[in-house]
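Inspection log for the structure reproduced underneath, given as structure tokens.
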Amino acid sequence: MRLGVLDVGSNTVHLLVVDAHRGAAPVPARSEKSVLRLAERLTKSGELSRTGADELIRTVAEARASAEKLGCDDFMAFATSAVREADNSVRVLERVLDETGVDLQVLSGEDEARFTFLAARRWFGWSAGRLLVLDIGGGSLEIAAGVHETPDFATSLPFGAGRLTRTRFANDPPTRGEVIDAEDWLADQLAPVAKKLAKLGEPDRVVATSKTFRSLARLTGAAPSSAGPRARRVLTEAGLRQVIAFISRMSAADLAELEGVSPSRAHQLVAGALVARASMRALSQPEVEICPWALREGVILRRLDQTDGEYQTVVDSQ
């Protein structure tokens, strides 16, 4: 079957079209991205602005049209923290449905962590043993751990790269004081989570997903995207420390020129690096392995698992 999945995130709206069937790895057929930065479209009152909502509706309509043109047998759309946290999210979702016909489902933070964990489990397989999975988005940090396809521990924390940039940095590049304060704050916030995870036992494999982790790994010398998804890529705490010392002194415009860094995310790279290092330190993990599959693939895989039965939205099935 050909399946289209639309991911409405804090930074981008991403349409991924895959060809797949139950028991097979989904094969990407088309990928389309639009940079909306919805998290930056929230007003002081906490609502998604009218302009932001209008652009979201236009982008969703275009994505649905693309999915139809590409012959998708099924189409799903989900939103994460930016829409989830908007005070007017119900009204925005109603507008999306009325004006595009797309039922945009909002995932909880724990859902994000669980679906991402599923994707990592399927990618690395059962031989990976006890998995610990980290994912840094624009609005949140997801952490999940366990030995099965459903994690024993899953949480979402408001430590996304974009959020940290907006709330902790007033300068570009950030001052040394801002960087130190952010590091100390993250360490304090992550300590209770680390204690809970320690009770589950030491992981056999530590995995990181998301564009932020991939960009950081590339900056430390990991294989470029042209090497393909199966090239082994790792990010070490030692390498990350060197990268932070380098990028924390660069403006967003200069960061956008670096290989492996998306111009649309360059402004939040330093914050993402601080979240990555703080997470690795708190969890006492000197190295993480980069997984090419993440939330979108997890949603797709769960949908494929349901193909023998009557269709239900992925969110409702949890």
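When Val27 is tested against (1) in contact (Cβ under 8 Å) with a residue 40 or more places away in the chain; (2) within 27 Å of Arg122 (Cβ to Cβ); (3) of a type in the set (Val, Ile, Thr), just one condition goes unmet, and that condition is (1).
Regarding Arg64, is this residue in contact with a Ser or Thr (Cβ under 8 Å, 6 or more places away or on another chain), part of a strand (DSSP E or B) and farther than 29 Å from Pro203 by Cβ?
Details: in contact with a Ser or Thr (Cβ under 8 Å, 6 or more places away or on another chain): yes; part of a strand (DSSP E or B): no; farther than 29 Å from Pro203 by Cβ: yes.
No; evaluated as a whole, the condition is false for this residue.
Take Gly272 and decide whether it is part of a loop (DSSP other than H, G, I, E, B), in contact with a Gly (Cβ under 9 Å, 6 or more places away or on another chain) and either closer than 23 Å to Phe153 by Cβ or open to solvent by 30 Å² or more (accessible area, probe 1.4 Å) (or both). In short, no. Restricting attention to region 84-101, does a residue exist that is touching a strand residue (DSSP E or B) at 6+ places or on another chain (Cβ under 8 Å) and touching a residue at least 60 places away in the same chain (Cβ under 8 Å)? No, that holds for no residue. With respect to Thr167, determine if the residue is polar (S, T, N, Q), closer than 26 Å to Ser262 by Cα and within 21 Å of the chain's Cα centre (by Cα). Yes: the conditions hold for Thr167. Selection of first residues in region 234-258 that are modelled with pLDDT of 95 or more and of second residues that are open to solvent by 30 Å² or more (accessible area, probe 1.4 Å) and part of a helix (DSSP H, G or I), restricted to Cβ pairs under 7 Å at least 6 apart or on distinct chains, gives the following pairs, ordered by first then second residue: Glu237/Arg281; Val243/Leu219; Ala252/His267; Leu258/Leu219.
Quick one: which strands (runs of 3 or more DSSP E) lie wholly within region 2-47 and hold at least 1 residues that are touching a helix residue (DSSP H, G or I) at 6+ places or on another chain (Cβ under 8 Å) and crowded, with 22+ Cβ neighbours inside 10 Å?
Numbers: elements: 2-8, 12-19, 27-35.
Here the list reads 2-8, 12-19.
Can you name every residue in region 241-267 that is more than 22 Å from the chain's Cα centre (by Cα) and more than 19 Å from Val179 (Cβ to Cβ)? Passing the criteria: only Glu257. In region 205-251, the qualifying residues are those that are open to solvent by less than 20 Å² (accessible area, probe 1.4 Å), among the aliphatic types (A, V, I, L, M) and part of a helix (DSSP H, G or I), and the one that is farthest from Leu134 (Cα to Cα) is Ile247.
The values are calculated or read from the model by the stated rules, or taken from the named source; none is laboratory data. Worth saying up front: this structure is predicted, and the values here are computed from it rather than measured. Glycine also receives a Cβ, built like all others from the backbone with ideal geometry; neighbour counts cover every protein chain displayed. The area values use the complete protein model at the heavy-atom level, side chains included, leaving out ligands, DNA and RNA. Shrake-Rupley method; radii C 1.70, N 1.55, O 1.52, S 1.80 Å.
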